[in-house]
Amino acid sequence: MSDAIKHECGISLIRLLKPLEYYKEKYGTAFYGVNKMYLMMEKQHNRGQDGAGFASIKLDMHPGERYMSRVRSAQQQPIQDIFAQINARINSAMSEHPEYEQDVEMQKKHIPYIGELLMGHVRYGTFGKNSIESVHPFLRQNNWMHRNLIVAGNFNMTNVDELFGNLVELGQHPKELADTVTVMEKIGHFLDDAVAKLYKQIKKEGYNKRAASPLIAERLNVAKILKKASKNWDGGYTIGGLLGHGDAFVIRDPAGIRPAYYYHDDEIAVVASERPAIQTVFNVQYEDVKELDPGHAVIIKKNGSFSVKQIQEPTERKACSFERIYFSRGSDKEIYQERKMLGKLVFPDILKSINNDMENTVFSYIPNTAETSFFGMVKEAQNYLNKRKGEQILELGPSITQEQLQKILGVRPRIEKVAIKDAKLRTFITQDSSRDDLVTHVYDISYGSVKPNDNLVIIDDSIVRGTTLKRSILKILDRLSPKKIVVVSSAPQIRYPDCYGIDMAKLEDFVAFKAAKALHEDAGTTDKIKEIYEKCLTQLNSKDKDVINYVKEFYAPFTAQQISKKIAEILSPEGIKAEVDIIYQSIESLHEACPKNLGDWYFTGNYPTPGGNRVVNRAFINFYEGKNERAY
């Protein structure tokens with residue numbers, strides 16, 4: 001994506017279902033779980049590079065023996081950093097105590113991070129500072145083993161204020177107003193309550209305090225705790241948790257906004273944000289990895305029992321379509337086909353833009369993440385040409401000459417690697433004019449790849465802000481002297497803020513919003529903007545379920561084509577010689593390409609939870625009042 005969007009987080013949870021000695025004997029090391037977690041996190045590093053964290057729990061440790069470990073990093077390469085720390089601790093212990101080499105029991109007892117239950121997290125800092133305090137997993141400690149809670153997730157709640165207020169009403173004093181803290185404390189509250197009730201019940205049965213502990217672990221109803229804790233959550237979430245005694249869970253939101261997949265056999269149970277990570281790390285087939293249903297949770301008890309339980313009633317499925325377009329790894333079987341389909345379905349609009357002139361058109365892509373949709377676009381171009389060739393051959397009939405046949409067959413899509421992204425250039429000069437000049441050189445071009453007066457078609461994942469297009473890409477592409485530059489977005493126009501974990505919070509950042517505003521100015525309908533603002537103000541104190549997304553009225557007077565045309569005007573840099581056309585995917589084609597991921601609120605304004613409408617209206621109020629702040 002030429003203007004990268006940040007996306008919040010990926011999780012991995014691994015439960016080893018056999019004793020550590022089993023993995024030592026079969027795989028040659030008791031560090032099997034740690035090694036697999038490293039791979040799981042690396043295979044999902046695309047989901048977060050601002051921070052990484054790892055936590056582990058050892059089962060059946062004696063009082064006084066450390067059974068929980070956690071390490072986090074906000075360094076430049078956080079995954080490598082945390083595992084360097086882990087390896088240093090392991091190697092230090094092994095060098096000091098060579099006798100541990102073949103003694104798994106002593107390794108578990110004395111070396112941190114080696115446990116049966118492990119959780120990893122990679123973070124993109126979409127909200128808050130990129131400090132170590134913001135990095136998952138988060139830890140809630142207690143001397144009661146069952147009340148220790150470790151939480152990590154890929155989520156954003158729209159109703160943090162409400163959740164915070166609920167905690168205060170329960171008598172708690174949360175340390176900060178953040179969804180991570182409020183979610184953890186909410187789960188923690190009902191965990192404490194459940195443990196206390198079980199203890200009273202077991203005590204009445206005649207057991208002493210020490211004997212009660214294993215019975216609490218056995219009887220603790222994790223699904224019931226999650227049901228109570230998540231009752232009022234409004235947002236998109238996949239949240240994993242470890243309890244100190246050895247239970248574990250991963251819960252997914254009722255609309256399925258954020259992704260989650262799982263696999264289990266008699267050796268391991270694993271849950272992750274992406275299917276290919278599980279497939280690759282554990283060498284299992286596509287069909288063996290299951291998607292966690294919306295509103296459900298994977299629950300793994302301390303005894304190793306694995307179950308999937310419904311926690312909240314699933315709503316209409318609105319899985320995030322940006323996962324398919326851009327965020328998730330393209331190595332997923334379904335996602336690879338869907339991205340190719342996105343390229344295919346946008347081709348008819350490209351054909352119109354170039355007036356069917358395939359012979360004088362070059363096809364390429366920026367950036368590398370758009371490569372798969374590029375394949376789909378080019379394949380459809382080939383199909384179009386093959387059909388045209390067949391018609392030409394049939395028209396000429398038996399009288400066709402060898403020369404004519406070769407000329408017809410020789411026409412094929414012209415494919416070039418037109419733009420190359422250089423290593424990140426440091427914009428160390430502070431003056432705006434100098435910085436803009438440096439930004440221009442982020443990309444370089446393949447000189448001679450385009451002939452003068454060619455059309456140049458470039459496909460991108462999405463055009464969100466358009467800043468890099470205007471400041472850099474279009475300027476350098478114009479050096480090739482094409483007569484027309486067609487920039488194609490495999491995603492539709494982004495018009496509305498996201499509030500479920502993607503870093504798209506402000507309306508005025510979106511080039512589609514700027515284009516619609518310019519169209520209102522051209523049409524003399526700016527009074528409509530004030531009218532929408534006043535409607536948004538009237539709903540500030542309304543309950544979320546009653547709030548209407550009035551920002552839809554901002555775009556309603558204009559067609560998608562009118563907005564795209566205005567975007568092309570806005571993004572065309574001063575002095576550019578080539579004509580610029582911008583083509584966006586249609587909503588209908590997006591849904592055809594990604595039928596299982598129909599979450600499209602950033603394109604349509606159709607938010608899957610009530611809190612989304614409140615957020616978009618607040619974003620419009622912030623825009624109108626000139627407040628440079630997030631709407632949630």
(message) Projecting each Cα onto the charge dipole of the chain (Lys/Arg +1, Asp/Glu -1 at the beta carbon, about the Cα centre), which of Ile459, Val222, Ala55 comes out farthest on the positive side?
(response) Val222
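When the dipole is taken about the Cα centre of the chain, and only Lys, Arg (+1) and Asp, Glu (-1) are charged at their Cβ, what size is it in debye, to the nearest 20? Walk me through the intermediate numbers first.
Details: 86 positive and 82 negative charges, 185 e Å.
Here the chain has a charge dipole of around 880 debye.
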(message) Taking a ≥ b ≥ c as the square roots of the Cα gyration tensor eigenvalues, with a/c under 1.5 meaning rounded and otherwise prolate when a/b beats b/c, else oblate, which class fits the stretch 527-632?
(response) oblate
(request) Divide by every residue of the chain the summed helix terms, -39500 (n - 2.57) for each DSSP H run of at least 4, and state the resulting mean residue ellipticity at 222 nm, rounded to the nearest 500 deg cm²/dmol. (result) -11500 deg cm²/dmol
(message) Students often forget the sequence filter, so: which lysines lie under 17 Å Cα-Cα from Lys224 once same-chain residues fewer than 8 apart are removed?
(response) Lys186, Lys197, Lys301, Lys302, Lys309
(request) Mind checking which of Ile82, Tyr27, Phe155 is farthest towards the positive end of the stretch 10-317's charge dipole, using Cβ charges of +1 (Lys, Arg) and -1 (Asp, Glu) about the Cα centre? (result) Phe155
(request) Working from Cα positions, state the angle (0 to 90°, nearest 10) between the long axis of helix 527-538 and the longest principal axis of the chain. (result) 10 degrees
(request) Give the span of the stretch 10-317's Cα atoms along each principal axis, as three whole-Å numbers ordered largest to smallest. (result) 54, 52, 39
(message) Could you tell me how far the Cα centroid of the stretch 186-210 sits from the Cα centroid of the stretch 343-395, in Å?
(response) 66 Å
(request) Quick one: divide the alpha-carbon radius of gyration of the chain by 2.2 N^0.38 Å and tell me what you get. (result) 1.09
(request) Give me the lysines in straight-line cross-link reach of Lys109: C-alpha distance below 16 Å, same-chain residues under 8 apart excluded. (result) Lys24, Lys58
(request) Quick one: dipole size for the stretch 10-317, taken about the Cα centre, charges +1 on Lys/Arg Cβ and -1 on Asp/Glu Cβ, in debye to the nearest 20. (result) 780 debye
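All other residues with a Cβ under 10 Å from the Cβ of Tyr286 taken together, and with Lys, Arg as +1 and Asp, Glu as -1, what is their net charge? Intermediate values should be presented prior to the final figure.
Details: positive: Arg275, Lys333; negative: Glu287, Asp288, Asp332, Glu334.
Combined, the nearby Lys, Arg, Asp and Glu give -2.
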(message) Which one, Gln585, Gly599, Gly611, is farthest towards the positive end of the dipole of the chain when Lys and Arg carry +1 and Asp and Glu -1 on their Cβ?
(response) Gly611
(request) Pull up the cross-link candidates among the lysines for Lys528, meaning alpha carbon to alpha carbon under 26 Å and not fewer than 8 places away within one chain. (result) Lys506, Lys514, Lys517, Lys543, Lys545, Lys552, Lys565, Lys566, Lys627
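No lab work stands behind these numbers, since they all come straight from the coordinates. These numbers come from a predicted model, not from an experiment. Glycine gets a Cβ as well: all are built from the backbone with ideal geometry, and neighbour counts include every protein chain shown.
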